Amino acid sequence: MSFSGLTPSFVKALIANMELDTDVHYFGDKDTDGSWRIIRDSGDLKIQLRDAGSWVTQFNANSLLNTLDNLSDVNATTPADGDVLTYNDLSGTWVNQAPSGGGTVHYFGDQNTDGSWRIILDLGDLKIEKRVAGVWITKDTIQ
């Protein structure tokens, strides 16, 4: 699974909008293997998969915040709020720039491929959607 759509500003906004330090948002039945959740745990934002009756962290979004500046192929100069990283083939580095397309959408996987996920900021709500048979289906809304 790819989490390339997570930008530092998105992770900071998601952490800030989760009300409690132990706030949890489930995607599927919380007691069923194969379900997902996003949890804020002691300040960390974790994406977890339920496997064999236990929650297994697949991605700690804070690692993006903690290591981005240390990557040798990132050249993020004076980033502005909402900037995203874009690959510059000429320099061989990732550079910051304003997002194109006008919407606040973050994709997990290819936006044109079934089985991909996206998170949309819509009037202050986060909508979690999965692409099925060429159509984006809302799986959960975080208000």
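May I ask you to verify whether Val56 is part of a strand (DSSP E or B), surrounded by fewer than 13 Cβ atoms within 10 Å (Cβ to Cβ) and either at pLDDT below 85 or among the β-branched types (Val, Ile, Thr) (or both)?
Considered against the rule, which asks whether it is part of a strand (DSSP E or B), surrounded by fewer than 13 Cβ atoms within 10 Å (Cβ to Cβ) and either at pLDDT below 85 or among the β-branched types (Val, Ile, Thr) (or both), Val56 comes out as yes.
Among the residues of the stretch 92-102, how many are assigned to a loop (DSSP other than H, G, I, E, B) and modelled with pLDDT of 85 or more?
1
Just to be sure I understand the filter: pairs with C-beta atoms under 9 Å, separated by 6 or more residues or on different chains, first member in the stretch 77-91 and surrounded by fewer than 12 Cβ atoms within 10 Å (Cβ to Cβ), second member not in a strand (DSSP E or B). Which pairs pass?
Ala80/Ser9; Ala80/Ala98; Asp81/Ser9; Tyr87/Asp73
Residue check: is Val132 surrounded by 12 or more Cβ atoms within 10 Å (Cβ to Cβ) and at pLDDT 85 or above?
So Val132 fits the description; yes.
Filter the stretch 4-46 down to residues that are modelled with pLDDT under 60 and surrounded by fewer than 16 Cβ atoms within 10 Å (Cβ to Cβ) and give me whichever is nearest to the chain's Cα centre (by Cα).
Of everything passing the filter in the stretch 4-46, Ser4 is nearest to the chain's Cα centre (by Cα).
One line per residue, one yes/no per condition, for (1) modelled with pLDDT under 85; (2) hydrophobic (A, V, I, L, M, F, W, C); (3) more than 16 Å from the chain's Cα centre (by Cα):
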{"residue": "Leu65", "(1), (2), (3)": "yes, yes, no"}
{"residue": "Leu71", "(1), (2), (3)": "yes, yes, yes"}
{"residue": "Thr78", "(1), (2), (3)": "yes, no, yes"}
{"residue": "Thr104", "(1), (2), (3)": "yes, no, no"}
{"residue": "Gln111", "(1), (2), (3)": "yes, no, no"}
{"residue": "Ile137", "(1), (2), (3)": "no, yes, yes"}
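The values are calculated or read from the model by the stated rules, or taken from the named source; none is laboratory data. This is a predicted model, so every value here is computed, not measured. A quick note on method: Cβ atoms are made from the backbone with ideal geometry, for glycine too, and the neighbour counts reach across all protein chains shown.
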